[in-house]
Amino acid sequence: MRFEISKVLDAIEGRVCTDPSLARAVLDLAEVIRYQDLDGGRPASLLRLGMVIDALSRQLEEDSVPVYAVVHRALLSDADLTSNERMVVRRWADDGLVEVLDNPGDRMLEVADLLGLPVLTRVRFDGLRGRFPWLVEQPGRVLASVPGAGGPVFVAHVGGGPKPVAGDRSPVGEKLLARQWRCPEPGCALFGGGGGGGAFADLARVERAPAGQPPPSLRNGAPTCPRHGTRLSDAGPRPRSEVLAVRIGGLIRRRFVLTEEQPVMVGRAPEGSGGIMLGQWLNDEARRWISRNHIRLELRVGEVIVTDVSTNGSGIRPNGSMTESERIALAPKQSRVLAGADMVELYPGVQVGRADELPTGAPFTPTSVMAEAPTMAMRLPRP
Ligand SMILES: [Zn+2]
């Protein structure tokens, strides 16, 4: 029996991030890996994170939904994990994809408060209602992952429903996220100048863009690095960014951040790093039509500019209109400003636009992050 565990862990890696614009829920990794009742397997398993992420995808009816994971440092040496799993978590930590902390305390709730994210946890935080009123006031803001027929399902602590509900960023969160922050600790993966540090620094593949910095922790009112406990210095305004999304067949497949620092290529299989690859979601006809690099997106003085770099051209759907007579052709080499709810259409049913303006409206057919997981490892409890 050969389990393709490492492929599953690679897929899960694409779904953990500390980017405030992309994360959709916060969780405590040390808690999730011990949900033994989800699969009846080992005492601790990193695959349970994948199961919870899949459940979140199902609930939000969106593919590639990332979570913000906070975890106690002890997990890096947890003997209940395999050495491979420990190495993977260490790599995520070095790349700043997860927050590994000496004392997580209520950091998970702080992140949820600053970013307005739902929290996935079974823990009840009754003592913290004063500081975080949404714990009791907002139904669906805190949800427990419990075993269900086809994998974990969510039960909200308040209201009991299954739907995670996001709130608004707190005013303090808005303020903190308007600036860039710098940690004095050399090689800090969260607030460093770029690249990771630590024992696996040579493996670090993530260059942290300033626009994707996590929210600082507030200690005695001062912005602090949650990892090092050091006071952060203000490194100027955070670069502008815009969250865009790819919708294919009516379903949002992935969100991405566009900044003024770097254009983003979208196509069947763009070369280089940072491109948005659509190939995996396309049928044969769409695959033939869409070029490897099909459109280039740029953010310039706050405007999203789309340039067709394809062989076959694209179209603009003004204000998201699906009326054919309103579709504007975008010929190869042509550029256009993408206004509010405008979508650029690379091929019928393959669209890119602002994430907030693109409703997901198709029957949900998610791509599981666990697709490579051996069914044997997933001994789901019988109903
Ligand atoms: Zn730091």
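The values are calculated or read from the model by the stated rules, or taken from the named source; none is laboratory data. Since we're looking at a predicted model, the values are computed, not measured. Neighbour counts run over all protein chains shown; Cβ positions are idealised from the backbone, glycine included. Heavy atoms of the whole protein, side chains included, go into the accessibility calculation; ligands, DNA and RNA do not. Shrake-Rupley method; radii C 1.70, N 1.55, O 1.52, S 1.80 Å.
Can you send over the carbon and sulfur percentage of the accessible area for the stretch 241-357, probe radius 1.4 Å, protein chains only?
That share works out to 46 percent.
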Cross-link reach from K7 to aspartates and glutamates, straight Cα distance under 16 Å and at least 8 residues apart if same chain, gives D54, E85, E372
Just how much of S233 is accessible, in Å², when a 1.4 Å probe is used and the result is rounded to the nearest 10? 60 Å²
Computed label-point distance, nm, for sites E303 and R336 using a 7 Å Cα→Cβ extension: 1.4 nm
Extreme residue, positive dipole direction of the chain, given options L38, V243, S64 (C-beta unit charges): L38
D63: net charge of surrounding residues, Cβ under 11 Å, Lys/Arg +1, Asp/Glu -1, itself excluded? +3
Per residue, how much accessible area does the stretch 2-238 have with a 1.4 Å probe, in Å²? 39 Å²
Quick one: what are the phi-derived ³J(HN,Hα) couplings along the stretch 32-46, Karplus 6.51/-1.76/1.60 with θ = phi - 60°, whole Hz, x for glycine and proline? 4, 5, 9, 6, 4, 6, 5, 9, x, x, 4, x, 10, 8, 6
About its Cα centre, how strong a charge dipole does the stretch 15-75 have in debye, to the nearest 20, once Lys and Arg get +1 and Asp and Glu get -1 at the Cβ? 260 debye
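How about the stretch 1-47: which GluC sites (Glu not before Pro) there are in a DSSP loop, with at most 10 other Cβ atoms within 10 Å of their Cβ?
none
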With every protein chain in place, the stretch 2-238: carbon and sulfur % of accessible area (1.4 Å): 51 percent
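What dipole magnitude, in Debye to the nearest 20, does the stretch 113-169 give about its Cα centre under +1 on Lys/Arg Cβ and -1 on Asp/Glu Cβ?
It works out to roughly 80 debye.
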L101's amide H: which non-local residues (gap 5+, or another chain) put their own amide H closer than 5 Å, with H modeled 1.01 Å from N in plane and none for Pro or chain starts? V71, H72, R73
With +1 on the Cβ of every Lys and Arg and -1 on the Cβ of every Asp and Glu, the dipole magnitude of the stretch 2-238 about its Cα centre, in debye rounded to the nearest 20, is 340 debye
May I ask for log10 I(q)/I(0) of the stretch 241-357 at q = 0.13, 0.18 Å⁻¹, from a Debye sum over the Cα atoms as equal point scatterers with solvent left out? -0.41, -0.84
Spatial extent of the chain: Rg and Dmax, with the Cα atoms as the point set, Å: 21.0, 63
Would you kindly derive the ³J(HN,Hα) couplings of the stretch 145-156 from the backbone phi angles with the Karplus curve 6.51 cos²θ - 1.76 cosθ + 1.60 (θ = phi - 60°), listing them in order in whole Hz, with x for Gly and Pro? 8, 10, x, x, 5, x, x, x, 10, 9, 10, 5
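Can you tally the net charge around F256? Count Lys and Arg as +1, Asp and Glu as -1, for every other residue whose Cβ sits under 11 Å from the Cβ of F256. Before the final figure, lay out the partial values.
Details: positive: R253, R254, R255; negative: D19, E242.
The answer is +1.
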So how do S368, S77, S217 rank on accessible area, 1.4 Å probe, biggest first, that is with the largest at the start? S77, S368, S217
If you take every residue apart from R86 with its C-beta less than 13 Å away from the C-beta of R86, what net charge results, scoring Lys and Arg +1 and Asp and Glu -1? -1
Can you list, by residue number, the Cys in the chain that have no neighbouring cysteine C-beta under 4.7 Å? C17
Under the rule a/c < 1.5 gives rounded, and otherwise a/b versus b/c splits prolate from oblate, where does the stretch 61-191 land using the Cα gyration tensor? oblate
